[in-house]
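What follows is a single structure, written as C-alpha cells, with notes after it.
The values are calculated or read from the model by the stated rules, or taken from the named source; none is laboratory data. Because the structure is a prediction, the values reported are computed rather than measured. Counting neighbours? That spans all protein chains shown, and the Cβs are built from the backbone with ideal geometry, glycine included. To get the accessible areas, we keep the full protein, side chains included, count just its heavy atoms, and leave off ligands, DNA and RNA. Shrake-Rupley method; radii C 1.70, N 1.55, O 1.52, S 1.80 Å.
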Amino acid sequence: RGIKTKEEMELIRKAVSISCTGQVEVMKAMKPGMSEREIQGIHEYVFKKYEAEDVGYPSIVGAGHNGCILHYIDNYKPNISSKEMILMDLGAEYHGYTADITRTIPVAGKFSPEQKQIYELVLKAQEAAMAICKPGATFGELTNATRVVINQGLKDLGIIKDVDERHRYYPHGCCHHIGLDVHDRGNYDQLQENMVITIVPGIYIPENANCDKKWWGIAVRIEDDYLITKEGNEHLSKLAPRTVEEIEA
C-alpha cells in the first residue's frame, strides 16, 4: 500500500485539505477558557461540513501538560489557561483515506519566549527532514536529521547537558505512511516516488522534568503530510499555518 495511485491521491488531497481548514478555523476561534472537547468539536464540525465521513483516528487535543501524553484522547480539560499551548493532532477521513496533521498553538494567541524557543526548535527539526525528503532517502535518515537538530537545540537551551545524552523529550520516530490507515502499510526502508508520508518531530517536557521549571508543561508537535515526487517532495498540508508568525497572525 506504500505507493499511491492517482485516484488514491485525489482522495488523500481532499482529506488533507479538509484537515487544514479545521486547523485554520480553530486558530481563528481559539481563546482562553475554552475546553479541549470544545476545540475537538470545532475540528470535527469542519470535517463534517466538508463531507468527510469520519475521523481517521481518535482526535488528540491536549492543552498544557496533556500535550505530553502522546496518544491522549480524553480531551476533557475545561477552562484552558491563557498561559498554555494546545496540541491538536487530528485527521479527516474522506472516502476511506485519512490525513494526519498536528499543530501546536498558544491559547492566548501569542507564544511566550520559552514556548517560542521550543516551537521554533521543533520547526527547524522538521525543516531539516524536509530538506532530504526525496526518493532514495531512508526513514532512518529523516528521523536522524530531526534528532540531531533537537538534541543540539535542547543542549543549547540547557535542557540536556550533552547532545548524546539519552532523554525522553523526543520519544518517537518522525515518519510514517498514511492512506487507508493513519499508520498505513508500506516499506519503511527507502522513500519511493508516490509514497505519502508524515514528518512529525516533537518535544515534550512534562511537569517535574529534570530541567529548569520554566520549561515544564511545554509540549510541541508539528506534523505535516508529504507526497514523494520524482525530484523531492510536495508539502500537501502547507495550508495549515505552521510558523510562529503565521500562527500568531
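Between residue 110 and residue 246, the simple label model (points 7 Å from Cα in the Cβ direction) yields a spacing of 2.2 nm.
Heavy atoms only, probe 1.4 Å: what % of the accessible area of region 140-249 goes to carbon and sulfur, would you let me know? Write down the numbers at each step before the final one.
Numbers: 2330 of 5350 Å².
Ligands and nucleic acids excluded, carbon and sulfur reach 44 percent.
First measure r as the distance between the Cβ atoms of residue 54 and residue 183, then evaluate 1/(1 + (r/R0)^6) with R0 = 22 Å and state the FRET efficiency to the nearest 0.05. If you can, show how the numbers build up before the last one.
Values: r = 16 Å, r/R0 = 0.74.
After rounding, the FRET efficiency stands at 0.85.
Using the 1.4 Å probe convention, the accessible area of region 168-249 works out to 45 Å² per residue with neighbouring protein chains retained. Between residue 38 and residue 83, the simple spin-label model (points 7 angstrom out along Cα→Cβ) gives 2.0 nm. With θ taken as phi - 60° and the Karplus curve 6.51 cos²θ - 1.76 cosθ + 1.60 applied, the whole-hertz 3J(HN,Hα) list for region 54-66 is 7, 9, x, 6, x, 5, 10, 9, x, 9, x, 4, 4 Hz, x standing for glycine and proline.
Taking the Cβ of residue 38 as the center, what net charge do the other residues with Cβ under 13 Å away carry, scoring Lys and Arg +1 and Asp and Glu -1?
Around residue 38, the charge tally is 0.
Taking region 125-249 as the region of interest, the number of lysine pairs whose Cα atoms are within less than 27 Å, with members eight or more places apart or on different chains, is 7. Counting other Cβ atoms within 10 Å, keep those with at most 16, restrict to DSSP loop, and tell me which GluC sites (Glu not before Pro) in region 194-247 are left. Those satisfying the criteria are 207, 231.
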